[in-house]
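Only one structure is covered here, and it is reproduced in the block below.
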Amino acid sequence: MEWEILSSLDDRQRTAVLQTAVRRKFRAGDTLFHQGDPGDTVHLLERGHVAVKVVHVHGVTLTLHVLGPGSAFGEQTLVDPRARRTASVVAIGPVETLMIRRDDFIELQKRHPAVTTMLVEILAAQVRRLSEQLLDAHSMGAEQRVVKRLVLLAEDFRVGDAATLPITQEELASLAGTTRPTANRALQALVDDGAVQLARGRIHIPDLERLPTV
């Protein structure tokens, strides 16, 4: 696995980080941690995908992100020892992570000060994701955002020329910052074009070349 967040470290520093980590395995549907939990670990996602979810003040669960291999999450615990989880993270299919405890990370920083750049890279990736979502919200219509999220997810779940997304229309709508009826309209247009097939709890794209360019 090539970790973008470790790219600025030399081989010795990268090895030190990976040796500190503890491998964790999760099954589909497992919650890696819950919103509101005390936080003392950061995860490097090595295999599989996870959904980042929050419970809205009115009790509605929103899906904010879907992360794939090479991503990291839980970074706030490295910044603030009193931090609580701001979201829940749920496994989409089998997942393997490399988990680093905050105390171990602090020891790493003492022995290898350059490891601090890893934290900077994780935070920068989070800022880039949020900035892109904000830009999309101001520059694209809701149905366009649905299609864009679909195309990006299709690449993440790509197998050959096809992809099957294990997400619901409700989750896709949440990722695009819109409602399920809007997401359904955007998807039905793609169904009519033969680019997408809908099934319960999943969206299948038989040929990614037929998806619109975003």
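Annotations
- Here segment 25-67 is assigned +1 on the Cβ of each Lys and Arg and -1 on the Cβ of each Asp and Glu. Its dipole about the Cα centre then comes out at about 180 debye.
- Dipole of the chain, positive direction: furthest Cα of 57, 114, 172, with charges on the beta-carbon: 57
- Relative contact order %, segment 142-210, counting alpha carbon pairs below 8 Å whose residues are six or more apart: 38
- Residues with amide H under 5 Å from that of residue 30, placed H, sequence gap 5 or more: 91
- Dipole size of segment 142-210 about its Cα centre, with +1 on Lys/Arg Cβ and -1 on Asp/Glu Cβ: approximately 240 debye, rounded to the nearest 20.
- Note on 11, 103: ascending count of other Cβ atoms within 10 Å places them as 11, 103, the fewest first.
- Summed side-chain charge close to residue 64 - residues other than residue 64 whose Cβ falls under 12 Å, Lys, Arg +1, Asp, Glu -1: +2
- FRET efficiency estimate (nearest 0.05) - Cβ-Cβ, residue 99 to residue 15, R0 25 angstrom: 0.90
- Cross-link partners of residue 148 among lysines, defined as those whose alpha carbon lies under 27 angstrom from its own and excluding same-chain residues fewer than eight positions apart: 53.
- Long-range HN-HN contacts of residue 72 with modeled amide H, under 5 Å: 45
- Think of the chain as having a plus end and a minus end, set by charges on the Cβ of Lys, Arg, Asp and Glu; of 70, 22, 39, 39 sits farthest toward the positive end of this dipole.
- Footprinting exposure proxy for 99, 118, 1 (fewest neighbouring C-beta atoms within 10 Å first): 1, 99, 118
- Local charge for residue 142 was computed over the other residues whose Cβ lies under 13 Å away, with Lys and Arg +1 and Asp and Glu -1, and equals +3.
- Of the complete DSSP H runs in the chain, those spanning 30 angstrom or more by Cα along the long axis with a mean Kyte-Doolittle score not below -1.0 are 116-139.
- Normalised contact order of the chain, rounded percent, pairs of Cα under 8 Å and 6 or more residues apart: 20
- Among residues other than residue 102 with Cβ under 14 Å from its Cβ, the summed charge is -2 (Lys and Arg +1, Asp and Glu -1).
- Student exercise, the chain dipole from Lys, Arg, Asp, Glu Cβ charges, in Debye to nearest 20: 560
Read-outs throughout are calculated quantities, based only on the coordinates presented, and are distinct from any laboratory measurement. Source: prediction; values computed, not measured. Here the Cβ is made from the backbone with ideal geometry for all residues, glycine too, and neighbour counts use every protein chain on show.
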